[in-house]
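A.B. asks: One structure, as structure tokens, below. Some questions next.
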Amino acid sequence: MQNEAPVPLPYEDALKISFNDIPLEHCVKVYGVRYGFVADEIGNEFYVTRLGWRLLDNLQIENWYGEKAYAKKGERLVEGSGVVYRVPTEGKRGIAQDFVVKFSRFAEEVPLQVAKTFPDKMPAEVVAGAMFNDPFQEFGLLVDLRNGHFGPKDLRIMTKHPICIFSPVRKCAPWRLGRERGRFDRYRHGMAANLDAKFQRMDLDFERQYVYLFAWLKGENADVCAQQGLITPDEAAAVTLRAAHELRQKGFMVLDNKPSHIILRRRKNGELLRRNGKLVYGLIDFELLLRTEEYKDFLRQRNREREAAAQQQQ
């Protein structure tokens, strides 16, 4: 039987303990990712990952959210169609960290301008059924990608770190969030099917906003590098195609793969970082990240084997 809803851990108490010491009643696990569930004194909710727990001090709303601090002291990132900011923070403990603050678009219609950027080899039925990942689904897929269980063991995809999913206490009219009830309920069903029964249950709220926080991935995107003359437009296109190919090798695909989502790093001398002659890159946008059919088959087979092994032990 599924456990009760999680009890929020008061922020001041959360600051005093490690991630491993969070009591079970303050934890949820969904899509394979465990979160510490924290709330501040006015009821804002924070679902914090293991990677984000050391940044709890920075995550307090006065550092990035309160009075729209993300817009006032942050930089609006304009490469995509979503609402995204880069916000510098420094908590009382002295840790400086730039966050990527992104307002979730799940349960909204995928805009047509995104569909035009789909790679040529993307199956038509996948394109037609494109849906933005909900925050927990996106973090789950991203953590799975980072773990690298599928594909070549020596191939690692560098990404930004998933830190926290934030839900402000103030509710919004669904029309302001662009949500349609039928579409939203599909996300709720997906979440219910991917909850870990050993932890507390949770649900999505139709009237609450959800905001992702990621750690900023240092570097510049391939579009900007081409504009600056660090690489040619052909090289920007080539590294984008290579990233899509390597992502598929690891069992994933991104429906809106494009140069502005490919982050390149510089050496101290200003040149772009290369390894064995190839540009070193990282990926930054995952709201349209999906598993490939090959990886899904792998997971289904692995689950069948685990179930068979469990039955033999009974």
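The values are calculated or read from the model by the stated rules, or taken from the named source; none is laboratory data. This is a predicted model, so every value here is computed, not measured. Quick reminder, even Gly has a Cβ in these numbers, built from the backbone with ideal geometry, and neighbours come from all protein chains shown.
A.B. asks: Is it true that ARG266 is of a type in the set (D, E, K, R), within 28 Å of PHE99 (Cα to Cα) and free of Cβ contacts under 8 Å to residues at least 60 places away in the same chain? Full working, then the answer.
C.D. replies: Values: of a type in the set (D, E, K, R): yes; within 28 Å of PHE99 (Cα to Cα): yes; free of Cβ contacts under 8 Å to residues at least 60 places away in the same chain: yes.
Yes.
A.B. asks: Restricting attention to region 244-272, and to residues there that are small (Gly, Ala, Ser) and surrounded by fewer than 22 Cβ atoms within 10 Å (Cβ to Cβ), which single residue is nearest to THR292 (Cα to Cα)?
C.D. replies: ALA244
A.B. asks: On to the next question. Just to be sure, is LEU24 within 19 Å of ALA197 (Cα to Cα) and either over 18 Å from the mean Cα position of the chain (by Cα) or surrounded by fewer than 21 Cβ atoms within 10 Å (Cβ to Cβ) (or both)?
C.D. replies: Working: within 19 Å of ALA197 (Cα to Cα): yes; either over 18 Å from the mean Cα position of the chain (by Cα) or surrounded by fewer than 21 Cβ atoms within 10 Å (Cβ to Cβ) (or both): yes.
Yes, satisfied.
A.B. asks: Could you run through region 67-103 and say how many residues are more than 27 Å from ASN221 (Cα to Cα) and surrounded by 13 or more Cβ atoms within 10 Å (Cβ to Cβ)?
C.D. replies: Final tally of qualifying residues: 1.
Conditions tested, residue by residue: (1) crowded, with 19+ Cβ neighbours inside 10 Å; (2) closer than 15 Å to PRO6 by Cβ.
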| site | (1), (2) |
| --- | --- |
| LEU155 | no, no |
| MET158 | no, no |
| PRO162 | yes, no |
| TRP175 | no, no |
| GLY178 | no, no |
| ARG186 | no, no |
| ASP196 | no, yes |
| LEU204 | yes, yes |
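A.B. asks: Within region 6-13, can one find any residue that is at pLDDT 95 or above, aliphatic (A, V, I, L, M), surrounded by 13 or more Cβ atoms within 10 Å (Cβ to Cβ) and within 15 Å of TYR210 (Cβ to Cβ)?
C.D. replies: Looking through region 6-13, none of the residues is at pLDDT 95 or above, aliphatic (A, V, I, L, M), surrounded by 13 or more Cβ atoms within 10 Å (Cβ to Cβ) and within 15 Å of TYR210 (Cβ to Cβ).
A.B. asks: Let me ask something else. Residues in region 123-139: is at least one within 20 Å of the chain's Cα centre (by Cα), of a type in the set (A, V, I, L, M, F, W, C) and more than 29 Å from ARG300 (Cα to Cα)?
C.D. replies: No, because not a single residue in region 123-139 is within 20 Å of the chain's Cα centre (by Cα), of a type in the set (A, V, I, L, M, F, W, C) and more than 29 Å from ARG300 (Cα to Cα).
A.B. asks: Got at least one residue in region 233-247 being more than 24 Å from HIS149 (Cβ to Cβ) and part of a loop (DSSP other than H, G, I, E, B)?
C.D. replies: no
A.B. asks: Something else about it: Please work out if LEU264 is farther than 22 Å from VAL110 by Cα and of a type in the set (A, V, I, L, M, F, W, C).
C.D. replies: yes
A.B. asks: Filter region 195-247 down to the residues that are on the phi > 0 side of the Ramachandran plot and in contact (Cβ under 8 Å) with a residue 24 or more places away in the chain and list them by number. If you could, list the steps in order and put the result at the bottom.
C.D. replies: Filtering region 195-247 for residues on the phi > 0 side of the Ramachandran plot gives 219, 229.
Of everything in region 195-247, just one residue is on the phi > 0 side of the Ramachandran plot and in contact (Cβ under 8 Å) with a residue 24 or more places away in the chain, namely GLY219.
A.B. asks: Next question. Every residue in region 248-273 that is at pLDDT 95 or above, among the basic types (Lys, Arg) and not in a helix (DSSP H, G or I), please.
C.D. replies: Hit for region 248-273 is LYS250, nothing else.
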